[in-house]
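Just below is one structure, and these are the notes that go with it.
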Amino acid sequence: MKKHITALAAAAFGVNAVFAASVAESASPAFVFLQPETTALWRTGTGESFSIAIPYPPGVEKTATLSVSGYRYSATYPVKDDSSFVLTLPKPEENRPDKENVYTLTLTFADGSVQTAKLGGIAGFDGSSEGTTRCLLSQDDPRWCTVKCSAVLPIPCGTETISVNGTETDTGLDGAAGWFLLAPLSGGTSYSLAIDDASAILNAYSDGTVLVFR
């Protein structure tokens, strides 16, 4: 049995990352997303290390395997007994969008059931109440050419597919807001991107990329 689920990445509000929503009570007040599909924060990693809940199926032995895969990254961890697991991911360097990534987390339980989640590792966001980002005032700014090999694109809520050079590709988010990894990028190649009525041209170079929206 395979379930596509979401990961809560909202430690900025005092909430741990989780694989699946469940009935629970908290001893202290906490910020709650009533419509998690509308915000990319729900699917954004909160810094280098954060806790994720392990929702063992009822009556199943409490052992599981956690697999994490991203662009040029993979790791596997055994999980046993504990109801949570502290996951550590590579921290994207500030002002280095080429170091951003999108990770697929897969939990495989003892009964063979599987749960998955997607998380974006975004530069400048560490799970606190503050964040940083580049501010480029002109699309002609040479600093647009900074992303190498890959690009992480924001996906708005309600979008199920993204067109890349005329080919429709599933975002893997089931219409929720989140992140999409475009990789690998070939130097000297132009990529035509479209989401609904919005479009962009991505020009990849051997030493980076330029993204121009129109």
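The one condition from (1) of a type outside the set (Phe, Trp, Tyr); (2) open to solvent by less than 40 Å² (accessible area, probe 1.4 Å); (3) within 30 Å of Leu202 (Cα to Cα); (4) touching a strand residue (DSSP E or B) at 6+ places or on another chain (Cβ under 6 Å) that Lys118 does not meet is (2). Just a yes or no: is a residue in segment 166-178 at negative phi, loosely packed, with under 12 Cβ neighbours inside 10 Å and either at pLDDT below 75 or in contact with a Gly (Cβ under 9 Å, 6 or more places away or on another chain) (or both)? No, every residue in segment 166-178 fails to be at negative phi, loosely packed, with under 12 Cβ neighbours inside 10 Å and either at pLDDT below 75 or in contact with a Gly (Cβ under 9 Å, 6 or more places away or on another chain) (or both). Scanning segment 37-58 for residues that are at pLDDT below 70 and either within 30 Å of Ala204 (Cβ to Cβ) or part of a helix (DSSP H, G or I) (or both) turns up nothing. Taken over segment 36-92, the criterion of being over 19 Å from Val102 (Cβ atoms) and of a type in the set (D, E, K, R) is satisfied by Glu61, Lys62, Lys80, Asp81, Asp82.
The values are calculated or read from the model by the stated rules, or taken from the named source; none is laboratory data. Note that the structure is a prediction, hence the values are computed from the model and not measured. Neighbour counts run over all protein chains shown; Cβ positions are idealised from the backbone, glycine included. With ligands, DNA and RNA removed, areas are computed over all heavy atoms of the protein, side chains included. Shrake-Rupley method; radii C 1.70, N 1.55, O 1.52, S 1.80 Å.
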